[in-house]
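Asker: Have a look at this one before I ask anything.
The values are calculated or read from the model by the stated rules, or taken from the named source; none is laboratory data. Predicted, not measured: the structure shown is a model, and the values here were computed from it. Reconstructed Cβ throughout: ideal geometry from the backbone, glycine too, with neighbour counts over all protein chains shown.
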Amino acid sequence: MVSAPIRFSDIPAEGLSLDYRHDRALLEPLGEGVRLLDSVPVSLRITPQEGRFFVEGEVRGQVEVECSRCLAPVALTVRAPCAVDLVPLAPRGAAGERHALDRGDLDVRFVSGPVLNLDDLVREQLLLQVPMRVLCREECRGLCPRCRKNLNDGPCGCEESPSVDPRLEALRNVRRRP
């Protein structure tokens, strides 16, 4: 397992290939409501290019998220193709010095310091591929709004709520006037 940061100065001119399993403990917490189930297979190639480093490859992992309707755990396989242009920031100059970003800088990830932290890169690539809304199944019925029982397990026994809030009943008559 590669867990130590990689010094940019140690990357040879022909590039560096990495194929390993990233320890899940180094990536957690992955994100709110997202949990890793196992170590993460990583296959990356880091190529230096005139003061930049291009990282390409793939990160894969098994994650567990909550169903958006019933909150049941859902296991997902996440495949994250990676293509990141890294630019190490030069040591800071005079205090208050500012630099304007060019249009090409918007597709670049700037990193401070002389090392690449693979934990941050792998975590970011995985999170970018986790869907925002996940359903345990397409016909998920969700939770009862009153008692919070999972309706996929059967009816909850709560009374049916009226179709219209009684406080809004007066508005129904306004629409019917001639």
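Asker: Quick one: would you say Glu138 is out of contact with any strand residue (DSSP E or B) (no Cβ under 8 Å at 6 or more places or on another chain) and within 24 Å of Arg7 (Cα to Cα)? Spell out how you get there, then give the answer.
Answerer: Working: out of contact with any strand residue (DSSP E or B) (no Cβ under 8 Å at 6 or more places or on another chain): yes; within 24 Å of Arg7 (Cα to Cα): no.
No: the conditions fail for Glu138.
Asker: Right, something else. Hey, among Arg60, Arg35, which residue is touching a Pro at 6+ places or on another chain (Cβ under 7 Å), free of Cβ contacts under 8 Å to residues at least 60 places away in the same chain, assigned to a strand (DSSP E or B) and not assigned by TED's automatic domain parsing to the domain that holds Asn150?
Answerer: Result of the check over Arg60, Arg35: Arg60.
Asker: Could you tell me whether Val84 is aliphatic (A, V, I, L, M), under 30 Å from Ile46 (Cα atoms) and either at pLDDT 90 or above or under 24 Å from the mean Cα position of the chain (by Cα) (or both)?
Answerer: When the stated conditions are applied, Val84 passes them.
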